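Structure first, commentary second.
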Amino acid sequence: MTRSRVNSATWYDQHSDRYIGDTGHLDLSPLYARFLAHLPGRARILDAGCGSGRDALAFQRLGHNVVATDASSAMARHASGVLNQEVLHLRHEEIAFVDEFDGIWSNASLLHVPRADLPEVFGRLRRALVPGGVLFTSFKIGEGETFRSERIFTNQTAGSLRELIESVSGLELIESWVSNDLRPGREHEQWLNSLCRRSD
């Protein structure tokens, strides 16, 4: 296996308890509010790469209809229990919904897709949205691809993210902004968040 084909899901299978303990309690409500402002009151939402199920549960509790996926079988099992519904064990490259969702939430997840594969994955997510539907993404700020703890991290700058979005027909950038990591001791790390709309 080449480094560009590292299966990051394996790390989450092996370290799911640690990752859930580190991230399952974080309060992302300011990000939720920015995303939900673009959706109908009772939206159909896909949480693509749901991890612990934290965000999907928050949307569920707000009355939205949530479908969740994760590439890690261990994370999908855990999140299924959190949500009291099946979480689909799917990689982003396997998502095949068409015209299904008012919104797609993919927080700290698409960064594990190799850069060369991101246009195709963004195209899959665009097709999964209804026309006018909105996609949220977040990436670590930086250049190129890095490899840590058997995981690939595809970093983005504002410019590279805009170029990526503009390369996908029928997807337009609404806004992007920077936020700090919420994990204790990692507040210096920054994330590039974006909202995009399916425009056709």
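Being under 14 Å from PHE101 (Cβ atoms) and among the hydrophobic types (A, V, I, L, M, F, W, C) is the filter here; which residues of region 37-57 pass it?
Listed by number, the residues that qualify are LEU39, ALA43, ILE45, LEU46, ALA48, CYS50, ALA56.
One line per residue, one yes/no per condition, for (1) open to solvent by 20 Å² or more (accessible area, probe 1.4 Å); (2) of a type in the set (Phe, Trp, Tyr); (3) closer than 21 Å to PRO114 by Cα:
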| site | (1), (2), (3) |
| --- | --- |
| ARG42 | yes, no, no |
| SER52 | no, no, no |
| ALA71 | yes, no, yes |
| LEU83 | no, no, no |
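Filter region 83-109 for residues that are acidic (Asp, Glu) and touching a residue at least 24 places away in the same chain (Cβ under 8 Å) and give the result.
The answer is GLU93, ASP99, GLU100, ASP102.
Which members of region 117-142 meet the condition of being under 16 Å from ASN107 (Cβ atoms) and not in a helix (DSSP H, G or I)?
Correct list: VAL134, LEU135, PHE136, THR137, SER138, PHE139, LYS140, ILE141.
Here are HIS78, HIS112: which of them is touching a residue at least 40 places away in the same chain (Cβ under 8 Å), over 23 Å from HIS38 (Cβ atoms) and touching a Lys or Arg at 6+ places or on another chain (Cβ under 7 Å)?
Criteria check complete, one pass: HIS112.
Check whether at least one residue in region 134-142 is open to solvent by less than 30 Å² (accessible area, probe 1.4 Å), touching a residue at least 12 places away in the same chain (Cβ under 8 Å) and polar (S, T, N, Q), and report yes or no.
Within region 134-142 (the criterion being open to solvent by less than 30 Å² (accessible area, probe 1.4 Å), touching a residue at least 12 places away in the same chain (Cβ under 8 Å) and polar (S, T, N, Q)), the answer is yes, since at least one residue qualifies.
Which of the residues spanning region 59-69 are buried (at least 19 other Cβ atoms within 10 Å of the Cβ) and among the small types (Gly, Ala, Ser)?
ALA68, the sole residue that qualifies.
Would you check which residues across region 91-106 are open to solvent by less than 30 Å² (accessible area, probe 1.4 Å) and assigned to a loop (DSSP other than H, G, I, E, B) and list them? Full working, then the answer.
Residues of region 91-106 open to solvent by less than 30 Å² (accessible area, probe 1.4 Å): 92, 95, 101, 103-106.
ILE95, the sole residue that qualifies.
Out of the residues in region 143-178 meeting the condition of being open to solvent by 30 Å² or more (accessible area, probe 1.4 Å), among the hydroxyl-bearing types (Ser, Thr, Tyr) and part of a strand (DSSP E or B), tell me which one is modelled with the lowest pLDDT.
It comes out as THR146.
The values are calculated or read from the model by the stated rules, or taken from the named source; none is laboratory data. Predicted, not measured: the structure shown is a model, and the values here were computed from it. Virtual Cβ from ideal backbone geometry, glycine too; neighbours counted across all protein chains shown. Surface accessibility is based on the protein's heavy atoms, side chains included, excluding ligands, DNA and RNA. Shrake-Rupley method; radii C 1.70, N 1.55, O 1.52, S 1.80 Å.
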